[in-house]
1. Pick from 19, 24, 6: which is at pLDDT 95 or above, touching a helix residue (DSSP H, G or I) at 6+ places or on another chain (Cβ under 8 Å) and small (Gly, Ala, Ser)?
2. Whether any residue in the range 41-49 is under 9 Å from the mean Cα position of the chain (by Cα), open to solvent by less than 90 Å² (accessible area, probe 1.4 Å) and β-branched (Val, Ile, Thr) is what I want to check.
3. Where the second residue is open to solvent by less than 50 Å² (accessible area, probe 1.4 Å) and of a type in the set (Phe, Trp, Tyr) and the first is under 15 Å from residue 8 (Cβ atoms) and lies in the range 21-45, which pairs have Cβ atoms under 7 Å and are six or more apart or on separate chains?
Amino acid sequence: MELEYALYRGDDLLKIGTADELAAFQQVKRKTILFYATPAYQKRTSKKSLRTIRLEEEK
């Protein structure tokens, strides 16, 4: 089972999907989508930049 992510630009939700789906949507590599979720990326960029949030599965 693949993890799902939400891709945001600021407060706007752009798309929900797997890392591969979001990479195809943004035309970037999969590892770039995963990098958008790291604390290092968030420190380097403004709040209006792209952000990836990993979605948790409800139990």
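The values are calculated or read from the model by the stated rules, or taken from the named source; none is laboratory data. Not measured: the values here are computed from a predicted model. Note: ideal-geometry Cβ built from the backbone for every residue, glycine included; neighbour counts use all protein chains shown. Calculation scope for accessible area: heavy atoms of the full protein, side chains included, ligands and nucleic acids excluded. Shrake-Rupley method; radii C 1.70, N 1.55, O 1.52, S 1.80 Å.
1. Numbers: 24 fails: touching a helix residue (DSSP H, G or I) at 6+ places or on another chain (Cβ under 8 Å); 6 fails: touching a helix residue (DSSP H, G or I) at 6+ places or on another chain (Cβ under 8 Å).
Only one candidate passes the filter, namely 19.
2. Just the residues of the range 41-49 that are under 9 Å from the mean Cα position of the chain (by Cα), to begin with: none.
No: the range 41-49 contains no residue that is under 9 Å from the mean Cα position of the chain (by Cα), open to solvent by less than 90 Å² (accessible area, probe 1.4 Å) and β-branched (Val, Ile, Thr).
3. Sorted first by the residue in the range 21-45, then by its partner, the pairs are 22/5; 33/5; 35/41.
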